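First comes the structure, then the notes that go with it.
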């Protein structure tokens, strides 16, 4: 049985309302991914994009009998209505701006917390209202405004000097600093 797949193109200012509707009305109980994309060559109304993948898993707490959890196995061919698992992809376009942002949905899905931090850290899209936004993949002392997946940053092999040569970010420079590759 194929899982139904729903694509939603969501206006930026309606994202939190759509997220709550998906969670509480449509039963999307799992946030599998939120990511961001920088499209500098895209149309003016979509220079940035946030994409969220959500799922309605319908995992029901199985009953306990005598201290043991009893397995509940369902035949997927007889599922109907809200019992049918679904996948949702939500795309949010952000116009050309130096400070791209959308509303945070970390209070809707616990799993959105890390995804939003990672998207901000790497792409630079801010999530308005996110509590405890911080760098999670780059060193904490990475320069403000540097987000490596923004397309204006060149990679090292195209005349870009690396910030750190070691994975921990202790500040060592590459031994070939200043040389072209």
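Efficiency by 1/(1 + (r/R0)^6): what FRET value for residue 69 and residue 12, r their Cβ-Cβ distance, R0 = 41 Å, to the nearest 0.05?
Using R0 = 41 Å, I get an efficiency of 0.45.
Report the full-extension gain for the segment residue 5 to residue 21: residue separation times 0.36 nm, less the Cα-Cα distance, to one decimal in nm.
4.1 nm
So between residue 96 and residue 81, what do we pick up on full extension, going 0.36 nm a residue minus the alpha carbon distance?
Answer, rounded to one decimal: 1.4 nm.
Do me a favour and compute the ellipsoid semi-axes for the stretch 1-153 from its Cα gyration tensor, root of five times each eigenvalue, largest one first, whole Å.
Taking √(5λ) for each eigenvalue gives 34, 19, 12 Å, largest first.
Throughout, read-outs are computed from the coordinates displayed, never taken from laboratory work. What you see is a predicted model, and the numbers here were worked out from it, not measured in a lab. In this analysis, Cβ positions are derived from the backbone assuming ideal geometry, glycine residues included, and neighbour counts consider all displayed protein chains.
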